[in-house]
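Data block below; observations after.
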Amino acid sequence: MLGNLARTMVKTGVVKPSSLVKPVSVTRITGRYLAHQEGLPKLPVPPLQQTCDRYLAVLDPITDPEELNHTRKLVEEFQKPGGVGERLQKGLERRAMKMENWLSDWWLQTAYLEYRMPVVIHSSPGVVLPRLEFSDRQGQMRYAAKLIAGVLDFKTMIDNETLPVEFLGGKPLCMNQYYRVLSSCRIPGTKRDTVVNYALDKKPPAHITVVHNFQFFVLDVYNSDGTPLTVDQIYIQLDKIWNSSLQANEEPIGILTSNHRNSWGKAYNNLIKDKTNEESVKAIQKSIFTVCLDAPMPHKSDEMYWTRAGFQMLHGGGSRWNSGNRWFDKTLQFIIGEDGTCGLIYEHAPAEGPPIIALLDHVVEYTKKSEMVRTPMVPLRMPQKLHFNITPEIKKDIEEAKQNLYIMVHDLDMKISVFSHFGKNFPKSQKMSPDAFIQMALQLAHYRMYKRCCPTYESASLRMFRLGRTDTIRSASIDSARFVKAMDDSTKQNTEKVALLEKAIKAHRDYTDMAIRGQAIDRHLLGLKLQATEDLPSLPEVFVDPSYAASLHYKLSTSQVPAKTNCVMCFGPVVPDGYGVCYNPKDSHINYAVSAFNSCKDTNAALMAQALEDALLDMKTLLEQTPKAKL
Ligand code: COA
Ligand code: HC5
């Protein structure tokens, strides 16, 4: 249908290391960036009837026939000429004319800032890097120093607007998210949160925050002439921080940020009543990013490294371990353990995974190259420790947050696997989209475990459009259902199974192409619903229909984030009885994380991870054992 465009790809431009000695410039969003942004198309509002038809098709494999019949009637009523659907559609179209992007602000509010669950596990993704080769304090600080210099090197490209534009399916992408990840932070509220970004200030921040033993420090990372500190200089500053925070004997104030957002919002208002506290919090919020120098975690076998490190990235292990070494509201936190564990966690509101991963890819390359060169030493100021006055009330809030976190930490079930039998190369050799192949394996794994299909979410990038974020690829389709049902059916011939697999893969790839072109159904339906809350006294029946709610109960919440670096990304499930699955397909292996909740007796991350491995292998065997039908 889309010819060559079906071979869609994310091309992350080659990120050249820029000079270390470039002066820090005020991040002015000027010519080059603006010209690029203005050249991008606006997010379209899909045709109403197209969305209604596709909605019914999406419901087919996940809804029982009686309910589907009822929904069909509601949808007919909704979209009839002169009906409520048309009215809302016109409202949306007007909004789209007026705004740069009709969806992005609504999405930021509903998906993030009005979502009240803790950001920990429920929203913030983690990224794990392969274990580093150190296991002591010197190694930890040397790596941290290189990493910080690497991020500053990337920042120079943002500041100078020399970041290469990325492409998807041959089309240039919106680069706005790159300007949102540094010098930004989420701020809790009692009903909804906000995000602040200081990157565009007249005098943008020139410091990062470093946390060690639950104590926060401001580290200025630019010299007075505007040049970034060298790796050597940063190392010396980190050493000073380490030496002045030898024991974790202070209140783990950062734990507050792991709490339910309303509770944290309330505690926050109380915390910043005190001037010192307010200034300390502000320093964290304004900092370019945060570096967490973690204590070693209990040692498990090397085989368990990925999974254990995944927990450390997602939640830090609870108040006994490293969770107090975080400010979870901070957009970007790099985590470097004394035992060689390394990765990051990021607060999701300002940006999607790919820009974070592009930054990480750059940093990892940088750390491989950069050596500690002795630079003439100008004595640098002692990094400033951030102080907090802990009143009994704040202490109580910390205790409450600790307890809630304890429950969350124990509830997270996760398994990170490296599937080493094949990677993208195999599906490509079969002329199949690797992403669709993995998604169909997930459908098969789920079907084998539960004997039914479930609503499945896969993130699709909308960054072809100005200020675009994501839409949903519905991986459970009529065609995927036919394939998974046939796969283990001994009455079916292999040739038929292959044909069904091919059809399911093609359907997935077609849905992906439709989604990245702004023609998927989920954000459109959300838009129509939000338009209704603005324009109508009550919601149209299609939106209070149980099928609608059921279709959004994503038992499989998945995402592909390709990285050049051999890393694994992870996030929590979005429903109490579901799975979160994130995968990074490499040429000859696939890294993936499966998460679930222990409190749900029906889910098991290790079993799902195993089922996925089996499904991938069985699909390969099927294709290899079945002679291709001659056309
Ligand atoms: N035959 C041979 N090769 C094929 C093929 C086929 N039929 N179909 C695809 N390929 C190739 C592609 O050319 C591409 O090649 P590359 O490795 O050289 O780049 C590769 O296989 C991967 O393509 P595919 O597996 O189809 O996936 P994709 O890269 O197009 O990605 C999405 C699909 C949905 C992940 C992508 O469109 C997207 O939206 N990414 C962003 C997701 C996101 O934002 N996630 C994070 C949210 S926070
Ligand atoms: C570092 C990788 C992070 C991936 C995070 C991700 O995929 O987030 C999804 C964002 C979106 O809008 O689709 C949400 N999800 C985790 C629930 C899939």
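Residue-wise test of (1) within 16 Å of ligand 1 (Cβ to nearest atom); (2) surrounded by fewer than 23 Cβ atoms within 10 Å (Cβ to Cβ); (3) assigned to a loop (DSSP other than H, G, I, E, B).
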site	(1), (2), (3)
ALA563	yes, no, yes
ASN566	yes, yes, yes
CYS582	yes, no, no
VAL594	no, no, no
LEU607	no, yes, no
GLN610	no, yes, no
THR621	no, yes, no
PRO627	no, yes, yes
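Here ALA436, ALA486 are screened, and the one residue that is within 12 Å of ligand 1 (Cβ to nearest atom) and among the aliphatic types (A, V, I, L, M) is ALA436. Of all the criteria given as (1) among the aromatic types (Phe, Trp, Tyr); (2) part of a helix (DSSP H, G or I); (3) closer than 30 Å to THR190 by Cα, the one not satisfied by TYR55 is (3).
Mind checking which residues of segment 568-580 are of a type outside the set (Val, Ile, Thr) and outside any strand (DSSP E or B)?
Listed by number, the residues that qualify are PHE571, GLY572, PRO573, PRO576, ASP577, GLY578.
Taking the conditions exactly as written (among the polar types (S, T, N, Q), touching a residue at least 40 places away in the same chain (Cβ under 8 Å) and surrounded by 22 or more Cβ atoms within 10 Å (Cβ to Cβ)), does GLN439 satisfy them or not? If you could, list the steps in order and put the result at the bottom.
Values: among the polar types (S, T, N, Q): yes; touching a residue at least 40 places away in the same chain (Cβ under 8 Å): yes; surrounded by 22 or more Cβ atoms within 10 Å (Cβ to Cβ): yes.
Yes.
Listed by first and then second residue, the pairs linking a residue in segment 344-359 that is within 17 Å of VAL196 (Cα to Cα) and in contact (Cβ under 8 Å) with a residue 24 or more places away in the chain to a residue that is among the polar types (S, T, N, Q) and within 10 Å of ligand 2 (Cβ to nearest atom), with Cβ atoms under 6 Å apart and 6 or more places separating them unless they lie on different chains, are GLU347/SER124; HIS348/SER123; HIS348/SER124.
When residues of segment 332-354 are filtered for being of a type in the set (Gly, Ala, Ser) and over 17 Å from THR565 (Cα atoms), how many remain?
Going through segment 332-354, the residues of a type in the set (Gly, Ala, Ser) turn out to be 337, 340, 343, 349, 351, 353.
Subsequent filtering for residues that are over 17 Å from THR565 (Cα atoms) retains 337, 349, 351.
Adding up the residues that qualify gives 3.
On the given criteria, is LEU147 buried (at least 17 other Cβ atoms within 10 Å of the Cβ) and either more than 30 Å from LEU74 (Cα to Cα) or at pLDDT below 95 (or both)? Spelling it out, LEU147 is indeed buried (at least 17 other Cβ atoms within 10 Å of the Cβ) and either more than 30 Å from LEU74 (Cα to Cα) or at pLDDT below 95 (or both).
Tell me yes or no: at least one residue of segment 119-141 is under 27 Å from ASP545 (Cα atoms), touching a residue at least 12 places away in the same chain (Cβ under 8 Å) and not small (Gly, Ala, Ser). Among the residues of segment 119-141, at least one is under 27 Å from ASP545 (Cα atoms), touching a residue at least 12 places away in the same chain (Cβ under 8 Å) and not small (Gly, Ala, Ser), which makes the answer yes. Comparison of ARG463, ARG469, ARG474 shows that the only residue that is farther than 30 Å from GLY317 by Cβ, touching a Cys at 6+ places or on another chain (Cβ under 8 Å) and within 16 Å of ligand 2 (Cβ to nearest atom) is ARG463.
Residue under question is TYR112, and the condition is that it be more than 16 Å from ligand 1 (Cβ to nearest atom), in a helix (DSSP H, G or I) and among the hydroxyl-bearing types (Ser, Thr, Tyr); does it hold? Show your work before the answer.
On the way: more than 16 Å from ligand 1 (Cβ to nearest atom): no; in a helix (DSSP H, G or I): yes; among the hydroxyl-bearing types (Ser, Thr, Tyr): yes.
No, not satisfied.
How about segment 455-498: which of its residues are outside any strand (DSSP E or B), among the hydroxyl-bearing types (Ser, Thr, Tyr) and surrounded by fewer than 23 Cβ atoms within 10 Å (Cβ to Cβ)? The answer is SER490, THR491, THR495. All conditions in (1) in contact (Cβ under 8 Å) with a residue 24 or more places away in the chain; (2) over 20 Å from ALA481 (Cβ atoms); (3) within 11 Å of ligand 2 (Cβ to nearest atom); (4) not aromatic (Phe, Trp, Tyr) hold for LEU528, with the sole exception of (3).
Of the residues ILE208, ILE255, ILE241, ILE234, which single one is in a helix (DSSP H, G or I) and in contact with a strand residue (DSSP E or B) (Cβ under 6 Å, 6 or more places away or on another chain)? Break it down into steps so the answer makes sense when it comes.
On the way: ILE208 fails: in a helix (DSSP H, G or I); ILE255 fails: in contact with a strand residue (DSSP E or B) (Cβ under 6 Å, 6 or more places away or on another chain); ILE234 fails: in contact with a strand residue (DSSP E or B) (Cβ under 6 Å, 6 or more places away or on another chain).
After applying the criteria, what remains is ILE241.
For residues that are within 16 Å of ligand 2 (Cβ to nearest atom) and of a type in the set (A, V, I, L, M, F, W, C), scanning just segment 125-144, find the one that is surrounded by the most Cβ atoms within 10 Å (Cβ to Cβ). Please lay out each step first, then the result.
Applying the first criterion (within 16 Å of ligand 2 (Cβ to nearest atom)) to segment 125-144 yields 125-130.
Remaining after also requiring of a type in the set (A, V, I, L, M, F, W, C): 127-129.
Numbers: VAL127: 29, VAL128: 27, LEU129: 25.
Among those residues, the one meeting the criterion is VAL127.
The values are calculated or read from the model by the stated rules, or taken from the named source; none is laboratory data. Computed from a predicted structure; not experimentally measured. Positions of Cβ are backbone-derived with ideal geometry, glycine not excepted, and every protein chain shown enters the neighbour counts.
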